[in-house]
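**Student:** A single structure is presented below for examination.
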Number of protein chains: 4
Amino acid sequence: MIKVGIVGGTGYTGVELLRLLAQHPNVKLQAITSRSDAGTPVAAMFPNLRGRVDLSFVDPKEAALDQCDLVFFATPNGVAMQQVDALLQAGVRVIDLAADFRIKDVAEWEKWYGMQHASPKAVAEAVYGLPEVNRDKIRQARLIANPGCYPTAVQLGFLPLVEAGVVDVSGLVADAKSGVSGAGRKAETHILFAEAADNFKAYGVSGHRHLPEIRQGLTNAAGQSVGLTFVPHLTPLIRGIHATLYARITKEVDFQALFEQRFANEPFVDVMPAKSHPETRSVRASNMCRIAIHRPQGGDTLVVLSVIDNLVKGAAGQAVHNMNLMFGFDECAGLSQVPLLP
Amino acid sequence: MIKVGIVGGTGYTGVELLRLLAQHPNVKLQAITSRSDAGTPVAAMFPNLRGRVDLSFVDPKEAALDQCDLVFFATPNGVAMQQVDALLQAGVRVIDLAADFRIKDVAEWEKWYGMQHASPKAVAEAVYGLPEVNRDKIRQARLIANPGCYPTAVQLGFLPLVEAGVVDVSGLVADAKSGVSGAGRKAETHILFAEAADNFKAYGVSGHRHLPEIRQGLTNAAGQSVGLTFVPHLTPLIRGIHATLYARITKEVDFQALFEQRFANEPFVDVMPAKSHPETRSVRASNMCRIAIHRPQGGDTLVVLSVIDNLVKGAAGQAVHNMNLMFGFDECAGLSQVPLLP
Amino acid sequence: MIKVGIVGGTGYTGVELLRLLAQHPNVKLQAITSRSDAGTPVAAMFPNLRGRVDLSFVDPKEAALDQCDLVFFATPNGVAMQQVDALLQAGVRVIDLAADFRIKDVAEWEKWYGMQHASPKAVAEAVYGLPEVNRDKIRQARLIANPGCYPTAVQLGFLPLVEAGVVDVSGLVADAKSGVSGAGRKAETHILFAEAADNFKAYGVSGHRHLPEIRQGLTNAAGQSVGLTFVPHLTPLIRGIHATLYARITKEVDFQALFEQRFANEPFVDVMPAKSHPETRSVRASNMCRIAIHRPQGGDTLVVLSVIDNLVKGAAGQAVHNMNLMFGFDECAGLSQVPLLP
Amino acid sequence: MIKVGIVGGTGYTGVELLRLLAQHPNVKLQAITSRSDAGTPVAAMFPNLRGRVDLSFVDPKEAALDQCDLVFFATPNGVAMQQVDALLQAGVRVIDLAADFRIKDVAEWEKWYGMQHASPKAVAEAVYGLPEVNRDKIRQARLIANPGCYPTAVQLGFLPLVEAGVVDVSGLVADAKSGVSGAGRKAETHILFAEAADNFKAYGVSGHRHLPEIRQGLTNAAGQSVGLTFVPHLTPLIRGIHATLYARITKEVDFQALFEQRFANEPFVDVMPAKSHPETRSVRASNMCRIAIHRPQGGDTLVVLSVIDNLVKGAAGQAVHNMNLMFGFDECAGLSQVPLLP
C-alpha cells in the first residue's frame, strides 16, 4: 500500500481519480486538497462516493503531502510547476494531470499557455506518460507528465503509421470530437446544458493547446517534423473522445497487421477488426482505447478511428496506469472495470 | 465457482448481467442463449465486453442449461414460466428478471399481462426477490421473482412508512420517472433517439403493469389494502429511476430516524441526510438505492425521493444480489462498483 | 407599430423575446440593454439572430427607454421594481418577466425573495399576466407581472378543478419537471452539461419561490386557502415543463367536459382527448399549453398532465401575448409558430 | 395558392414538410398519403400539428395526386421512380426528397442503391435541386431531385474553392457529423435513445451513398474528377449537420472574400466572419447554411466549417425553396423562421 495525495480534487479528473483509487488494491488515499472547499467531505460534493471515500478536502498547507509516496496534481495548468521541486526533493513522486510538463520546448509551452514556466528543470526531467511509448522510462520516473485527452487518442491512432514511415507526415489531419466533461467542471456559459446539449461545434480551430503536444509526440515517432491539422469539436456527450484521423499512404503495407502488431502486448489498446466502427460508449468508464482502420474505396487515404474515455484513458485512468508502472504494481491494477454500455 | 446460464442475453438486462458477472469472483459463465443471434459472439453485439466475455450466443436447445447451478432469465414476459418447471426438477435454481412470478394472484397477473399463466405452481413457490424484505426467504429459495425497476424504487421509498403505519395508505401517490433503457432494446419508434431526446412525457397513466406489483408489496407491508396512484414518465436519461413519493402523515414520528433504522443494515440502501436531493447519477452503474425524505413547509404531506439505476438495483444488480444470497456468497460480491459520476 | 425596449436581454428569456419580436408584425425593436455587454451586437452573442436583429446591446443609461411604448424587463429579480415607477410616469407600459410584481402580499414576497421591495405601490397596481384568468384586466393594464414558468403550467392544469370546487383543495400535489433552460443562462456548476445531462433530480423540495405564486393563484380561484405540495425537478431537456397534478375528487362531474368548456375559447390552451399523454416536444418553441386528464383505475384521484415550453408560454411568449392584449393587436400576432417536432 | 400533395408523410421529412407548408402563404395542402396509416389524422401521429393540419393520411390510391400542382415524395428510395412518369404526364410537377433522381449515372446509382432504376428517362430530365448551383434550371423544372443532407452541407462548403480552382481536388476530406433524425423514423436498434445518446461513432466509412452524390456535384463544379474521402458520423443531436472540410491550398487568394462573393446574393447561405465557429443550433429549425473558413497556423490546409439543419436545408426546407423557385413565389416564402436557440 502506498500513501497517495491528490492536489485539487474538485474537478472531473479529481473525482475520477477518486473513483479509481477507491477501488485500487495498493493505494491508501491520504489527503485530497482544495483551498476553496477545505472541510467539505468529498462525498458531499460527489455523492457517488458516499460510503466509499471518507476523506474531507483539506487546505493544501495542512495536507502533509511530503509524507506521501505519490502526489497527483489534478489542478489547473500552472499549479504543479510551483510545487514539484519541493515534493521531488522530499522524495515524493509526482504525476501531473495538467499540462505543466508535457512540452519539452519551454518557450513553446510559454507561448501556448501564456505564462512563464516556474521549473524548466522539472520539464527536462519529466517523462511523458504515454505507456505505449515510454513504458520503461515511466517505470524509472520520479515525475510524470500525464498526456492530454486529445493527444492520447490522436497519437495512439497515428503512431503505427508514423513510426513505420508509411504515410505522408506533412499533411496529417486529426478531426477530433470530445464530450463536454473534457472542458472541466468550472462554471462557464458555453458548457451549460442549455448551450451544449443538442448542439455541435468546432472550437479552437486556429490553434488548440493540444496541437503542440501532439506534434511533439508524432515528430518524435516519425523522426522528422510533421504537418498536422488538428480540429477539436464539442459534442453532446458527457464522456468520450472520438478521433478521426486521415493520412495519405506513401508505402503499401498490411495496415491492419501493422496496427495489430504495434499494440499486440498493450493491455489498454484494442485494435478492432478491419472496417469496424468503434463507439465512444464501448470504452465508457474504462481505460481502454479502441482503434479501427479503414481504407475507403481502396483509395490512397487511410482513415483511423480511435476512441477513449477522456476522463479515464485520457486522464485519470492513464495516471493510475502510470502509477502502477512507477511502483511495480500489476499494470492493470484498479483498471479492470468493464465499460458501461448502455 | 458456480456455473451460470443466461437465457435471452441480447437485451439491456442481459448485457448488464454480463457486465456484472464478468467481474464476479464466484461465477463461471457457462452459456448465454439467443435464438435469433445464435453463433454471434457476445462481444460483437456488445463491444464493451471485448476481451471480457468470450462466449457466443447459443441456441437454447444446445445450451445444456440443466447442467448449470443457476439460470437467469433475461427474457420477455411469458418465457420463463414455460421452462421453469423442467429446470427446477433438474436441480437448477432460477432467477427470472421478467414478471412471470412477481404477482401471487394469478388471475390478476393474467389480466395485466394478457396471457394465461403456464405454471401457477411456480408462482406459488417463487420468492419475491427484494432482499430488504425477503432476505431470509431468498437464501432458501429455488426460484426468485426479481422485482421490477419501478417497484424496487417505489417500495423501498414507502416501506418504512407503511410498515410503521404512520401515513394514510388510502391515498399514496408515486410519481416515477425512468430512463429510456427501462423500455428495453427492442426497436420501437417511441424510444428512438429523435423521439425520446429533449422530450418528457407520462405514459400508462391509466394503468401500468408495475401498479399491481407495487400494490401487492405495499399491501403486504401495511397489513391492509393500499390505495396507490402510480404515474410513470419517460425522461431522456439512459439509466436511472427517480421516484417522488407523496403520503399524508397520520401519526407523528421522527421520520428521518425511522428510515435510518429501517435500512441501517442494508448494504444497498443509503438514507441520505434530511432534505437531500438524491440524483440518479449518484447511483449510475451501481446497485445502490439512495433515499431522502422531506416534509415541505412543515405540512402534513411527506415527500420521499428514491433513486436507483434501473438496470442494476432495478434489474441485473438485484438479481446478482439475490444470487449471492441464494448461494451463500458475500452479499456484495461483484456489486462493489463505485457509481459513475459524471 | 409600437416601439419596444428590452432591459436585460442576455439571458434565455431575452433571446426568446427577440426571436418572437423579430417576427412580430406590430413591433419595432428600439433598444435592448445590457450593462456588461454594451456595444456587442446582439447577433454576435446569439448567432441564430444573424440577419434578423441588427441591434447592439446598449448601456441602460443610453437606451432612452422612456421613448418606448412598452418595455420588457428580462432581468434578474429585483431590477424592474427599481425602474418601474419612472417608466410608468413617463407613460411607458411595462411587462416584467421576473418576479417583482407577482406576489400581492409584499411581506410574503420579501420573505421568499430575500430583499426589501422597492415599490409596493407598483405591486398593488400590477396585473398578473395569465390571460386565461385576467384577460380583461390585462387589456387595461399599465404594468404586467408575467407569470413564472411552473406557475403557468400548474395553474392552468388545476384551474378548472378548483374554480368548479370539485376536488379537495387541502391536499393538492404538483409534481413538476423542468428543462434546464429554466435555470437561466448564468454560469453555475449544477447546470453544466456534464452535471445535468443523463441525470434527474428534485430540488427545492423544502420550498421553491414559485410555491407562493401558485398558491396565490389557486387560492383566488378556489375562493379559499389551498394546501399545495409542489416538488420541482430538473430533467435533461433544454426546454419544456411537464406538470403532473394530483387531486382527490370531492364531487363527481364530467371532468373532460369541464376542462374543454373552461378553455374552449383559449387560443393557447389545448385540451387533448381524455387519456392522452402530452409530450413537452409537442409544444416546443410555441406558446401552447397542452393538457390531458386521467382518472386512473376509476379511483378517487384525478391526474392532470400539463405541458408548456418554459421559455415561450412560460415566459417570453406569454409576455408577447400580454403585449398583444394591452395594445389591441390580434391576440395571436407573432405567436403562430408550429411547434418543433422532432 | 397551389394544390400540393405529399406521398409518404409519416417520416421526419414528411412532418417537417407539413410544419413548413402549414405556414406557407401560397400552398393548400391537398392530400398526404400513407399506406399503413390511412385514416389516421396527421395530428394524432404528430401532436405538434394539432390545430394546424386537419388532414388525415389517405391511401395512395385515393389521393387524387394527379389533381395536384405539385407532389412531394417523402418516401424511401425507390418509390418516386415508380410513379413519376404518370404524374409528369398528368401535368403535375414533382420534388423527390429521396435519392431516386440525384445521380445522373444510372449504373452508378444502381450500384449504390442496390436496385434497378425504373425511370432512367426521368433521371435525365431531373434537375438537381441545389438552388445555389442550379437556380435558373430549377425555375424551369418539372422534376427536382432534392439533394441529400450531407451533400448539401459538404457541397456548399467546398463549392467556392473547387469552382475557383484554388485547392488540390485530388485529396479533399469531408468529416461530417449528423444528428440522429438523419437516419429517419423507422424503428431500428442502433438509433434507439439508449444506443445513440451519450455516444459517438463513425459509420459507413467504407462507402456511404452520399459519396457519389457529393463527388458528382464537386466534379461538375471543378470541371475535373475529384478525390474525396467522406466520413459520416452519428452524434447525439436530434437535428443538425456539421461538416468539417479539409483542402490543401494550391493557389493563394483571399479565401474569405472568395466565399463572401460566391454567396453574396444567397438568402440561405451565411458566410460568417473569418475564424468563426458556427454551431448547429444557430440554424436549428431554419433553412440557413452557415459557413466559416479557417487557415490554421497559416499553413497550407484550409478548414471550412458548414452547418445546416438536416431536416430543413438538408431536406424539407430546401424542397420548399425549390417549390418557391418553380412556381415563381417569393424565394423565401414560408422559410423565414428564426432559428431556435437555445
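**Student:** Looking for something of a type in the set (S, T, N, Q), outside any strand (DSSP E or B) and more than 12 Å from chain B (Cβ to nearest Cβ) - is there at least one such residue anywhere in the stretch A:297-308? Before you say what the answer is, go through the steps one by one.
**Tutor:** Taking the stretch A:297-308 as the starting set, the residues that turn out to be of a type in the set (S, T, N, Q) are A:297, A:301, A:306.
Next cut, outside any strand (DSSP E or B) only: A:297.
Next, only the ones that are more than 12 Å from chain B (Cβ to nearest Cβ) stay: A:297.
Yes, the stretch A:297-308 has at least one match.
**Student:** Given the criteria at negative phi, out of contact with any strand residue (DSSP E or B) (no Cβ under 7 Å at 6 or more places or on another chain) and crowded, with 24+ Cβ neighbours inside 10 Å, does residue B:48 qualify? Quick ask: steps written out before the conclusion?
**Tutor:** Numbers: at negative phi: yes; out of contact with any strand residue (DSSP E or B) (no Cβ under 7 Å at 6 or more places or on another chain): yes; crowded, with 24+ Cβ neighbours inside 10 Å: yes.
Judged against the criteria, residue B:48 is a match.
**Student:** Please identify the pairs in which a residue from the stretch C:226-247 that is under 15 Å from residue C:290 (Cβ atoms) and within 7 Å of another protein chain (Cβ to nearest Cβ) has its Cβ atom under 6 Å from the Cβ atom of a residue that is aromatic (Phe, Trp, Tyr) and not in a strand (DSSP E or B), counting only partners at least 6 apart or on another chain.
**Tutor:** Filtered contacts from the stretch C:226-247: C:240/B:200; C:242/B:200.
**Student:** Is it the case, given these coordinates, that residue D:153 is in contact (Cβ under 8 Å) with a residue 60 or more places away in the chain, part of a helix (DSSP H, G or I), within 30 Å of residue A:308 (Cβ to Cβ) and in contact with a strand residue (DSSP E or B) (Cβ under 8 Å, 6 or more places away or on another chain)? Quick ask: steps written out before the conclusion?
**Tutor:** Values: in contact (Cβ under 8 Å) with a residue 60 or more places away in the chain: yes; part of a helix (DSSP H, G or I): yes; within 30 Å of residue A:308 (Cβ to Cβ): yes; in contact with a strand residue (DSSP E or B) (Cβ under 8 Å, 6 or more places away or on another chain): yes.
In short, yes.
**Student:** Could you tell me whether the stretch A:301-309 includes any residue that is without any contact (Cβ under 8 Å) to a residue 60 or more places away in the chain, out of contact with any His (no Cβ under 7 Å at 6 or more places or on another chain), of a type outside the set (Val, Ile, Thr) and under 28 Å from residue D:208 (Cβ atoms)? It would help to see each step written out before you state the result.
**Tutor:** Initially, the stretch A:301-309 is screened for residues without any contact (Cβ under 8 Å) to a residue 60 or more places away in the chain, giving A:301, A:303.
When the remaining residues are screened for being out of contact with any His (no Cβ under 7 Å at 6 or more places or on another chain), the result is A:301.
With the extra rule that they be of a type outside the set (Val, Ile, Thr), the set shrinks to none.
Taking every residue of the stretch A:301-309 in turn, none turns out to be without any contact (Cβ under 8 Å) to a residue 60 or more places away in the chain, out of contact with any His (no Cβ under 7 Å at 6 or more places or on another chain), of a type outside the set (Val, Ile, Thr) and under 28 Å from residue D:208 (Cβ atoms).
**Student:** Which of the following residues is of a type outside the set (A, V, I, L, M) and over 17 Å from the mean Cα position of the chain (by Cα): A:155, A:116? Outline the logic, then answer.
**Tutor:** Working: A:155 fails: over 17 Å from the mean Cα position of the chain (by Cα).
Sole residue among the options that is of a type outside the set (A, V, I, L, M) and over 17 Å from the mean Cα position of the chain (by Cα): A:116.
**Student:** Can you tell me which residue among B:247, B:315 is farther than 30 Å from residue A:11 by Cβ, modelled with pLDDT of 95 or more and not assigned by TED's automatic domain parsing to the domain that holds residue B:164?
**Tutor:** After ruling out the rest, the residue left standing is B:315.
**Student:** Also: Which numbered condition in (1) among the aliphatic types (A, V, I, L, M); (2) within 30 Å of residue D:51 (Cα to Cα); (3) surrounded by 24 or more Cβ atoms within 10 Å (Cβ to Cβ) is the only one that residue C:194 fails?
**Tutor:** Only one criterion is unmet by residue C:194, namely (2).
**Student:** Take the stretch C:11-40 and flag every residue that is within 13 Å of chain D (Cβ to nearest Cβ), buried (at least 24 other Cβ atoms within 10 Å of the Cβ) and of a type in the set (S, T, N, Q).
**Tutor:** C:13
**Student:** Only one residue in B:177, B:186, B:251 is within 18 Å of the chain's Cα centre (by Cα) and among the charged types (D, E, K, R). Which one? Walk me through it before giving the result.
**Tutor:** Details: B:186 fails: within 18 Å of the chain's Cα centre (by Cα); B:251 fails: within 18 Å of the chain's Cα centre (by Cα).
The match here is B:177.
**Student:** Examine the stretch B:262-280 for a residue that is buried (at least 24 other Cβ atoms within 10 Å of the Cβ) and within 14 Å of chain D (Cβ to nearest Cβ), and state whether such a residue exists.
**Tutor:** Yes, the stretch B:262-280 contains a residue that is buried (at least 24 other Cβ atoms within 10 Å of the Cβ) and within 14 Å of chain D (Cβ to nearest Cβ).
**Student:** Could you grab me the full set of residues in the stretch C:164-188 that are in a helix (DSSP H, G or I) and within 14 Å of chain A (Cβ to nearest Cβ)? Step through it out loud before you land on a result.
**Tutor:** The first filter runs over the stretch C:164-188 and keeps only residues in a helix (DSSP H, G or I), leaving C:164, C:180-183.
Across the stretch C:164-188, the qualifying residues are C:180, C:181, C:182, C:183.
**Student:** Hey, another quick one. Being crowded, with 19+ Cβ neighbours inside 10 Å, in a strand (DSSP E or B) and in contact with a Phe, Trp or Tyr (Cβ under 6 Å, 6 or more places away or on another chain): is that true of residue A:231 here?
**Tutor:** Against the criterion (crowded, with 19+ Cβ neighbours inside 10 Å, in a strand (DSSP E or B) and in contact with a Phe, Trp or Tyr (Cβ under 6 Å, 6 or more places away or on another chain)), residue A:231 does not qualify.
**Student:** Name the residue, out of C:327, C:268, that is modelled with pLDDT of 95 or more, among the aromatic types (Phe, Trp, Tyr), under 30 Å from residue D:312 (Cα atoms) and not assigned by TED's automatic domain parsing to the domain that holds residue C:28.
**Tutor:** C:268
**Student:** Quick one: would you say residue C:154 is buried (at least 17 other Cβ atoms within 10 Å of the Cβ) and either among the charged types (D, E, K, R) or within 21 Å of residue C:314 (Cβ to Cβ) (or both)? Working first, answer last.
**Tutor:** Values: buried (at least 17 other Cβ atoms within 10 Å of the Cβ): yes; either among the charged types (D, E, K, R) or within 21 Å of residue C:314 (Cβ to Cβ) (or both): yes.
So residue C:154 passes the test.
**Student:** A further question on this structure: Can you find a residue that is crowded, with 24+ Cβ neighbours inside 10 Å, assigned to a strand (DSSP E or B) and either on the phi > 0 side of the Ramachandran plot or facing another protein chain (nearest Cβ under 8 Å) (or both) anywhere in the stretch C:282-290?
**Tutor:** Scanning the stretch C:282-290 turns up at least one residue that is crowded, with 24+ Cβ neighbours inside 10 Å, assigned to a strand (DSSP E or B) and either on the phi > 0 side of the Ramachandran plot or facing another protein chain (nearest Cβ under 8 Å) (or both).
**Student:** OK, next. Which of the residues belonging to the stretch C:106-147 are in contact with a His (Cβ under 8 Å, 6 or more places away or on another chain) and aliphatic (A, V, I, L, M)?
**Tutor:** C:106, C:123 - these are the residues of the stretch C:106-147 that are in contact with a His (Cβ under 8 Å, 6 or more places away or on another chain) and aliphatic (A, V, I, L, M).
**Student:** If you check A:247, A:243, which single one turns out to be hydrophobic (A, V, I, L, M, F, W, C), at negative phi, touching a Gly at 6+ places or on another chain (Cβ under 6 Å) and in a strand (DSSP E or B)?
**Tutor:** Values: A:247 fails: touching a Gly at 6+ places or on another chain (Cβ under 6 Å).
That would be A:243, the only listed residue that is hydrophobic (A, V, I, L, M, F, W, C), at negative phi, touching a Gly at 6+ places or on another chain (Cβ under 6 Å) and in a strand (DSSP E or B).
**Student:** In the stretch A:170-184, how many are surrounded by 23 or more Cβ atoms within 10 Å (Cβ to Cβ) and free of Cβ contacts under 8 Å to residues at least 60 places away in the same chain? First the steps, then the outcome.
**Tutor:** Residues of the stretch A:170-184 that are surrounded by 23 or more Cβ atoms within 10 Å (Cβ to Cβ), as a first pass: A:172-182.
Okay, now just the ones that are also free of Cβ contacts under 8 Å to residues at least 60 places away in the same chain, so A:180.
Count: 1.
The values are calculated or read from the model by the stated rules, or taken from the named source; none is laboratory data. Just so it is clear, the model here is predicted, and its values are computed rather than measured. Ideal geometry is used to build each Cβ from the backbone, glycine not excepted, and the neighbour counts take in all protein chains shown.
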